[in-house]
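Values quoted throughout were computed directly from the atomic coordinates according to the rules given, and no laboratory measurement underlies them. Because the structure is a prediction, the values reported are computed rather than measured. FYI the Cβ positions are ideal-geometry reconstructions off the backbone, even for glycines, and counts take in every protein chain you see.
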Amino acid sequence: MKKEEVFNLYQSLDKVGHLKGVDFVYAVAKNKQILQKEWFSLNEAIKGSDDFIEHEQERIKLCEKYAKKDERGQSIKINNKYIFDDFTSFEKEYGGLREKDKKIIEEREKQLKDFDKILKQEVSVKLFKINKKYIPKEITGDELSSIFKIIQ
């Protein structure tokens, strides 16, 4: 199993934790326990540096400043992306921030490339399988397909 699959499966197991059924919940918990150490390591590897987090906070402030606002004064986003009222001004001001934080951004880009390489590495994991008869009826198709690796 590739580390990317471990990362995604752990997150998927987290999302189905609300479903009921003793056998199902046990299988989810058991597999999370099996994957936890690897997932934690991957999660730490993708974390941005304190400097990058600060850069992102400044970028978001600029996004908020130049974003279109709804009737309540809230920034408008579509698919989690800001819709700008004045993109030219945003781009000009953010260009200055990018220039100031050039080294921080380059380090983050390198970190992301390195992380992509890590995700492609194989890891030996023996998952705890569950019989499909124990899958809750409330599970959605997307949820089911995301945890398919643990189903017998």
Within the stretch 24-57, tally of residues that are over 16 Å from the mean Cα position of the chain (by Cα), surrounded by fewer than 13 Cβ atoms within 10 Å (Cβ to Cβ) and of a type in the set (D, E, K, R) = 2
ask   = If we scan the stretch 46-69, do we find a residue that is under 25 Å from Glu5 (Cβ atoms) and small (Gly, Ala, Ser)?
value = yes
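Any idea which residue in the stretch 58-82 is nearest to the chain's Cα centre (by Cα), counting only those that are of a type in the set (A, V, I, L, M, F, W, C) and surrounded by 14 or more Cβ atoms within 10 Å (Cβ to Cβ)? Don't jump to the end; show me each part of the working.
Pass one, the stretch 58-82, residues of a type in the set (A, V, I, L, M, F, W, C): 60, 62-63, 67, 76, 78.
So of that shortlist, the ones also surrounded by 14 or more Cβ atoms within 10 Å (Cβ to Cβ) come out as 62-63, 67.
Values: Leu62: 23, Cys63: 21, Ala67: 24 Å.
It comes out as Cys63.
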remark   = Log entry, pairs with first residue in the stretch 105-127 being on the phi < 0 side of the Ramachandran plot and assigned to a helix (DSSP H, G or I), second being loosely packed, with under 15 Cβ neighbours inside 10 Å and charged (D, E, K, R), beta carbons closer than 7 Å, six or more apart or on different chains, reads Ile105/Arg98; Leu119/Lys2
request  = Go through the stretch 12-42 and give me each residue that's without any contact (Cβ under 8 Å) to a residue 24 or more places away in the chain and more than 13 Å from Phe128 (Cα to Cα).
outcome  = Asp14, Gly17, His18, Val22, Lys37, Phe40, Ser41
